Amino acid sequence: MASSICAISPSVASHLTKTTPPLFQRSKCKMSRRTFAVTGIVGSGVSVAASTLTADAEPSSKGFERLPFKAEGYNYWTWRDHKIHYVVQGEGSPIVLIHGFGASAFHWRYNIPELAKKHKVYALDLLGFGWSDKALIDYDAMVWRDQVVDFVKAIVKEPAVLVGNSLGGFTALVAAIGLPELVKGVGLLNSAGQFGDGKRESQTSEETALQKFILKPLKEVFQRVVLGFLFWQAKQPARIVSVLKSVYINSSNVDDYLVESITRPAQDPNAGEVYYRLMTRFMMNQSKYTLDAVLSELSCPLLLLWGDLDPWVGPGKANRIKEFYPKTTLVNLQAGHCPHDEIPELVNKALLDWLTTLTPEATLQTV
């Protein structure tokens, strides 16, 4: 998740309008944010993390190997005094999978076992999500960038390919420019991020005493009440299923496994406060991080695996990224916002095919 929130979650609006009180139906942009809020900890992505999985992969109803769901999670790594959950499976050149907003490593359930047949696959939970700690910090895109950069240095320890969905896609991009010597390529699945002028600073007048001591506290109280209600609503299994079905064109993979991988982390003691901080601070301040600026600094090959039927992030963004960054391979897919979970067989094949085209590193330096 998050391009600009407005850009990322538009179309579930029609689905939510039926159940949304008039208070929240002010503008199209605010409806997008409301939709995103409900989806947020609810389900724009989900994942699992595993360590030494071999025959542990279980068959799904479709016959694909699926990463087993473990309530206790898999591996843990301490980063900046916070517990970070991750999965690792397979041998070979490494791939790091990064989930979307509201998700976890478990959203890569159908990708990890297949990709691990040829590669060493890692999937981690970003700080504040999944089985990782719900840290009470000021969240910013650069926090997750630093987390991924340090993860590659400390855990992966060799050049890798970063692959991300939604928010995880943008995180992969900024991590790649922060660690060019250890990132061989980046794969984006319906990535967050917006084009625009990131250097433009908003012109704000100096705060008056009335604004600082009366209006701002009242605004925060109102936000906490509204977002508290949205967070409670977002945790309900029925709501999760409803939102997921609105962004999965083929909703047959919206099952109990997926729902539990979203609801369980939302029960953590600090989850509500993290949600509030994400929605009021991180989400409202993303325009300063633009695709223009990030892509201008990128140097490695880029793969776009794009679900063209995504009601939030349509194919227009993928086309614009390809125009802006020539070293891009675009694969259009008939899927929604999470093609890796909706049509994993096609995503796995496209990703594996692209990986064979990457120029092998002459020297695999370790850290």
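The values are calculated or read from the model by the stated rules, or taken from the named source; none is laboratory data. Here the structure is a predicted model, which means the values were calculated and not measured. For neighbour counting, all protein chains shown are included, and Cβ atoms are generated from backbone atoms with ideal geometry for every residue, glycine included. For accessibility, only protein heavy atoms count, side chains too; no ligands or nucleic acids. Shrake-Rupley method; radii C 1.70, N 1.55, O 1.52, S 1.80 Å.
Can you compute the FRET efficiency between E260 and D81 using 1/(1 + (r/R0)^6), with r the Cβ-Cβ distance and R0 = 41 Å? Round to the nearest 0.05.
On the way: r = 28 Å, r/R0 = 0.69.
Step by step, r from the Cβ atoms, then E = 0.90.
With the cut-off at 27 Å, tell me which of the pairs K83/K120; K117/K235; K117/K153; K70/K245 have Cα atoms farther apart than that.
Numbers: K83/K120 22 Å; K117/K235 35 Å; K117/K153 23 Å; K70/K245 24 Å.
The pairs that break the limit, which is 27 Å between Cα atoms, are K117/K235.
Report the gain in length on full extension from A154 to Q236: 0.36 nm times residue separation, minus Cα-Cα distance, nm rounded to one decimal.
Numbers: separation 82, 0.36 × 82 = 29.52 nm, distance 3.67 nm.
Full extension from A154 to Q236 adds 25.9 nm.
Out of all DSSP beta bridges in segment 78-172, what portion is antiparallel? Express it as a percent rounded to 5.
Values: 6 of 15 bridges.
In segment 78-172, approximately 40 percent of DSSP beta bridges are antiparallel ones.
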Q. Any idea of D125's accessible area? Nearest 10 Å², probe 1.4 Å.
A. 0
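Roughly how many percent of the accessible protein surface of segment 71-167 is carbon and sulfur, given a 1.4 Å probe and a whole-percent answer?
44
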Q: Could you pull out every residue, at least 5 positions away or on a different chain, whose amide H is within less than 5 Å of the one on L303? Hs are placed 1.01 Å off N in the peptide plane, and Pro or chain starts have none.
A: V186, G187, L188, T329
Q. To the nearest 10 square angstrom, what accessible area does S251 show with a 1.4 Å probe?
A. 40
Q: Between R281 and R320, with labels modelled 7 Å along Cα→Cβ, what's the label distance in nm to one decimal, could you check?
A: 2.8
**Q.** Three-way shape label, segment 80-123, alpha-carbon gyration tensor, a/c 1.5
**A.** oblate
Q: Kindly list the residues of segment 302-318 that lie in the label zone of D353, defined by a backbone N under 13 Å from the point 7 Å along the Cα-to-C-beta vector.
A: 304-306
